[in-house]
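Contents: one structure, followed by commentary.
Since every read-out is calculated from the coordinates, none of them should be taken as a lab result. Only a predicted model underlies this, so the values are computations on that prediction, with no experimental measurement involved. No Cβ is skipped: glycine too gets one built from the backbone with ideal geometry, and neighbour counts run over all protein chains shown.
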Amino acid sequence: MIDDDVLERVLASALRTGGEFAEVFASDWQGTGVGLDDGRIEQLSTGRSRGAGIRVIRGESTGFAHTADVSEAGLLAAARAAAEAASHGEAGVRTVALVERSTRVVSPVDVDPAKVGKAAKVELLRRVDEAARSAGSAIAQVSAGYSDGRTRILIANSDGLLARDERVRTLMRVSAVANGDTGMQTGFDSVGHTMGFELFDKISVEEVARTAARRALTKLKARPAPSGSLPVVIKAGSGGVLFHEACGHGLEADLVSKGASVYRGKVGELVASPLVTLVDDGTMTHEWGAISIDDEGHPSQYNVLIQDGVLTDYMWDFLRARKEGRPQSGNGRRQSYKDLPMVRMTNTYVLNGQEEPDDIIRDTSHGVYVAHLGGGSVNTATGDFVFGMTEAYMIENGEITEPLREGNLIGNGPQVLRDIDRLGNDFAMGNPGTCGKDGQGVPVGDGQPTLRVASLTVGGTAA
Amino acid sequence: MTSIDRSGELLALAERVVAMAGPGEQVEAYVSRGLSTEVRVYEGEVEHFVSAQSEGIGIRVIRGGRTGTSYAGTLDEKIVAEVLAEARDNLGFAEVDEWAGLAEPDGVAVVPQQLWNPDLELTSTSRKIDLAKQLERLTLGRDKRVRVDDANYADSFGEAAVATTTGIRAAGRENGCYVSVGTLADDGDETQTGFGFAVGRTVDELDVERAASDAVDRATRLLGATKPESRRVTVVLDPYVTAQFLGIIGGTLSGDAVARGRSLFAQRLGDEVATPLLTLVDDPTNPLAYTATDIDGEGLAARRNVLIDSGRLDRFVHSSYSARRLGAAPTGNGVRGGYAGSPGAGCLALNVVPGSRSQAEIISGIDDGILVQQVQGLHSGVNAVSGDFSTGAAGLVITNGTLGRPVREFTIASTLQRMLLDIVEIGGDVEWLPMRAAGVSLVIRDVTMSGS
């Protein structure tokens with residue numbers, strides 16, 4: 001993408017105003033999207049985006065500039081802008097010698113989607129449409145999307161680091177609308193992995209379509225969700241977002257260092273039920289949040305955040321680790337070359353417990369069984385979180401009974417972690433997600449075994 | 001700041017692309033370019049200073065009812081030619097849609113808007129940094145319990161042009177700036193958060209004092225909040241909360257959602273869908289609206305549209321596609337998410353025709369209720385197709401006409417359909433907010449509140 005000697009000159013230029021650290025992050029993205037709606041392929045769209053972001057750090061201040069022009073002239077102009085932004089200080093001359101670091105590939109790609117014909121991508125969605133519509137005569141509408149993207153990344157910094165990576169992600173999503181006497185209901189499902197077009201040899205797109213359709217159809221018969229505090233059992237692979245929201249964000253070192261996290265100063269303390277071991281794992285092959293290196297060039301890692309209920313560590317990026325004089329954890333990520341990196345999660349999940357999931361349901365006399373959760377959000381400073389139940393059922397006398405209409409679950413992160421009283425042995429990863437923070441979205445994964453929270457507030461309309 | 005005033009250049013590029021249309025082809029080129037800066041201050045020092053520029057082109061080609069699109073984050077003419085070729089290639093894989101097509105000039109006159117103030121370009125870097133520092137200082141000075149998470153200044157300068165083979169030629173530019181601050185308030189073991197912001201076309205318009213006091217009030221007013229008991233109550237939505245709900249209701253009135261069978265109001269034009277008190281208008285020509293604009297994303301004149309008239313559903317908002325497909329008149333509501341997206345139908349600047357009383361007067365007449373000052377998780381808690389909603393909320397208890405203790409960690413739930421009918425009063429306190437809807441106090445009866 002950019003020659004080494006150009007990078008060295010650009011970094012030297014970025015340091016001219018006295019910066020202590022400079023970095024070039026360049027990326028070249030190309031992708032395809034296909035949209036199906038209302039029974040027809042509405043459009044096929046292709047896009048590309050290439051550019052570089054240059055960061056200069058001086059003391060506690062960061063200057064950042066980005067450009068779509070990756071010629072030496074364009075990069076030097078951005079370097080000057082970043083250097084100017086970082087300081088108003090004395091000039092200095094530093095040279096940089098880059099040493100290329102080999103990247104251990106976490107998610108190898110068999111079939112580059114860019115080399116797959118557009119017709120094959122269109123065909124996938126036709127199959128999805130047909131499968132969803134044949135799931136039930138009440139299915140009134142189906143929309144589906146396919147997308148793939150390949151990003152080539154190059155990172156060089158004034159510490160001499162030079163790293164490259166190539167990331168390929170492929171995704172298919174489907175949303176169905178069912179129409180009945182009680183109005184319209186929706187169902188959604190998706191599958192996405194850090195891999196190429198071979199994804200569709202491994203999964204059945206029809207199955208994904210039928211799942212979305214079934215969710216919509218089931219809710220036609222649903223009754224309003226209850227309101228109030230109840231035990232909630234969360235199906236394996238459907239509630240990892242709870243941990244992402246309820247505690248993951250609070251373990252990001254940038255929020256911790258500003259005192260904007262309820263977990264500040266709690267390392268070594270029991271912060272969760274002893275059943276809970278929580279990890280963030282960028283090395284989980286082919287998962288949606290998997291990365292070979294983070295967006296600062298640090299190799300991804302398997303990081304234990306909570307071990308048997310005890311908080312063991314936070315997640316770190318370059319800036320926060322440097323400030324604390326400790327190693328990075330491979331969690332420095334950014335949405336694109338236009339953004340500054342921040343501490344971000346990768347794949348965040350709870351390890352397996354011991355119990356059979358059926359036993360957990362059987363031992364719940366009155367509660368809610370959540371089979372699919374939608375999006376959510378958290379206030380990291382208070383720990384208050386909220387997320388939507390998109391497929392849920394009542395549990396009565398130890399059995400799953402009637403389906404429920406949609407409603408939010410709300411709770412407080414630290415409290416919920418302590419209230420986990422049962423943990424299953426059926427670990428599964430959930431849907432691919434996009435985590436938003438400070439206006440930037442990055443791909444993340446989550447997962448957990450079936451588990452029970454002794455008490456959560458269910459925000460339905462029924463008494 | 002580099003001058004961005006190169007008007008004409010973008011439109012000329014869009015026109016060059018359109019001129020390359022082949023026989024039987026409709027072509028649209030949308031070109032945009034922007035510059036922005038962002039300063040974040042923490043503990044009196046610059047935490048980061050970002051200077052950004054972006055540009056890109058999106059091209060749509062339609063032939064024989066098939067649509068292909070392509071885009072690139074550059075205006076390099078060599079790549080632009082490739083983007084056009086790629087869009088052409090892509091249309092071969094789409095299916096025929098008899099309503100596919102581009103916007104056509106419809107003779108509606110543009111209502112000019114003041115969206116650009118040249119003074120903003122003259123603002124020095126140090127002034128920008130000082131504004132963020134001033135905001136942090138003012139916020140900290142108001143209350144000892146309050147800490148600042150981050151204080152920011154940001155500005156942006158954008159210009160865009162769109163041209164089509166159907167005769168659309170439109171270009172515009174817009175700039176603006178804002179300051180914002182995130183706060184934390186501590187009381188013993190408890191921490192609550194708040195935020196404040198101010199928006200303007202020039203830095204002199206920024207009400208930094210107001211941003212600071214809002215951020216302090218929002219963080220401190222919830223200290224000591226408890227979880228209320230589950231029950232049915234009357235809720236008063238603060239203007240900021242109402243604006244968020246209006247945005248969601250606006251989504252259900254999108255012609256795109258209607259055309260594709262995804263709007264709960266699809267078959268209900270002419271029906272009484274809301275209390276007769278409610279008149280909902282989308283009016284981007286009102287200069288008070290922060291999202292005021294003169295042209296929509298397809299290059300048609302933006303215009304005032306009454307969507308709900310005294311409770312009766314009067315109109316949906318349309319892109320050229322949804323208008324054509326539903327046999328409706330265009331409403332100038334093509335919305336596009338930058339050069340990479342295709343235009344859809346969406347509201348541009350919603351507002352509710354206000355009532356007369358202040359929020360305090362309204363509250364004085366309520367025996368048992370909740371003033372909802374913030375909602376959490378609205379995006380995950382509302383199903384805009386079924387209408388079911390459930391959202392986390394926080395606010396103040398209303399007892400016998402008086403505001404009382406703070407409450408949090410509860411949900412309010414209903415359906416959008418019921419909520420529109422259950423509105424019992426609309427306040428006179430319109431607040432123009434930097435979002436696609438203006439706020440006003442809204443009183444809704446019989447809402448389910450889930451707490452303890």
Near the amide H of A:G460, under 5 Å away, which other amide H atoms are found, from residues 5 or more places off or on another chain, if H is placed in the peptide plane?
A:S227, A:G228
What's the angle, to the nearest 10 degrees (0 to 90), between helix A:4-14's Cα axis and the longest principal axis of chain A?
80 degrees
Taking R0 as 45 Å, what FRET efficiency do you get between B:K144 and B:D367 from their Cβ-Cβ distance, rounded to the nearest 0.05?
0.80
Angle in degrees between helix A:205-220 and the longest Cα principal axis of chain A, rounded to the nearest 10:
50 degrees
State the Cα centre-to-centre distance between the range A:405-463 and the range A:1-28 in whole Å.
42 Å
Figure the gain on full extension for A:K221 and A:Q354 (residue separation times 0.36 nm, minus the Cα-Cα span) and round it to one decimal in nm.
44.5 nm
Which order do A:E269, A:E406, B:E121 fall in if you start with the one that has the fewest other Cβ atoms within 10 Å?
A:E269, B:E121, A:E406
Where labels lie 7 Å past Cα in the beta-carbon direction, separation of B:E431 and B:D76 in nm
4.7 nm
Hey, rough spin-label estimate for A:D159 and A:N425, points 7 angstrom out along Cα→Cβ, what's it come to in nanometres?
4.3 nm
Along the range A:372-383, Karplus-curve 3J(HN,Hα) (6.51, -1.76, 1.60; θ = phi - 60°) to the nearest Hz, with x for Gly and Pro, reads 7, 10, x, x, x, 7, 9, 9, 5, 6, 9, x
Zone residues, the range B:316-350, relative to B:A109, backbone N less than 20 Å from point 7 Å out along Cα-to-Cβ:
B:330-333
In nm, spacing of pseudo-spin labels at A:V267 and A:V6 (7 Å Cα→C-beta vector):
4.1 nm
Counting other beta carbons within 10 Å of each Cβ, put A:Y146, B:Y240 in order, fewest first.
B:Y240, A:Y146
Estimated vicinal HN-Hα couplings, Hz - the range A:257-268 in sequence order (Karplus 6.51, -1.76, 1.60; Gly, Pro = x):
5, 8, x, 9, 9, 5, 9, 4, x, 10, 4, x
Once the other residues with Cβ under 10 Å from the Cβ of B:S254 are scored (Lys, Arg +1; Asp, Glu -1), what is the net sum?
+1
Which residues qualify? For A:E198, with a placed amide H closer than 5 Å and at least 5 residues away or on another chain, they are A:D110, A:V111
Please work out the FRET efficiency for the pair B:Y290 and B:V96, using the Cβ-Cβ distance as r and a Förster radius of 45 Å; give the result to the nearest 0.05.
0.65
For the range B:371-380, what does the Karplus curve 6.51 cos²θ - 1.76 cosθ + 1.60, with θ = phi - 60°, yield as ³J(HN,Hα) per residue in whole Hz, taken in order and with x for Gly and Pro?
8, 8, 9, 8, 10, 10, x, 4, 5, 8
Using only DSSP helix segments of four residues or longer, with each worth -39500 (n - 2.57), what per-residue ellipticity at 222 nm results for the protein assembly as shown after dividing by its residue count and rounding to 500?
-6000 deg cm²/dmol
Centroid-to-centroid separation of the range B:159-224 and the range A:231-284 [C-alpha atoms, Å]:
30 Å
Taking only Cα atoms, what is the 0 to 90° angle, nearest 10, from helix A:118-133's long axis to the longest principal axis of chain A?
20 degrees
What do you get for Rg/Rh over the range B:34-186 if you use C-alpha atoms and the Kirkwood form of Rh?
1.16
Tell me, what is the FRET efficiency for B:D204 and A:K115 to the nearest 0.05, using R0 = 60 angstrom and their Cβ-Cβ distance as r?
0.60
Non-local residues with an amide H under 5 Å from the amide H of A:G375, with H modelled 1.01 Å from N and Pro and chain starts lacking one, are A:G388
In the range A:4-220, what percentage of the DSSP-assigned beta bridges are antiparallel, given to the nearest 5?
95 percent
Can you tell me how much longer the chain between B:E43 and B:A329 gets when fully stretched, taken as 0.36 nm per residue apart minus their C-alpha distance, in nm with one decimal?
97.5 nm
Neighbouring Cβ atoms within 10 Å as the yardstick, rank A:T401, B:T37, B:T202 fewest first.
A:T401, B:T202, B:T37
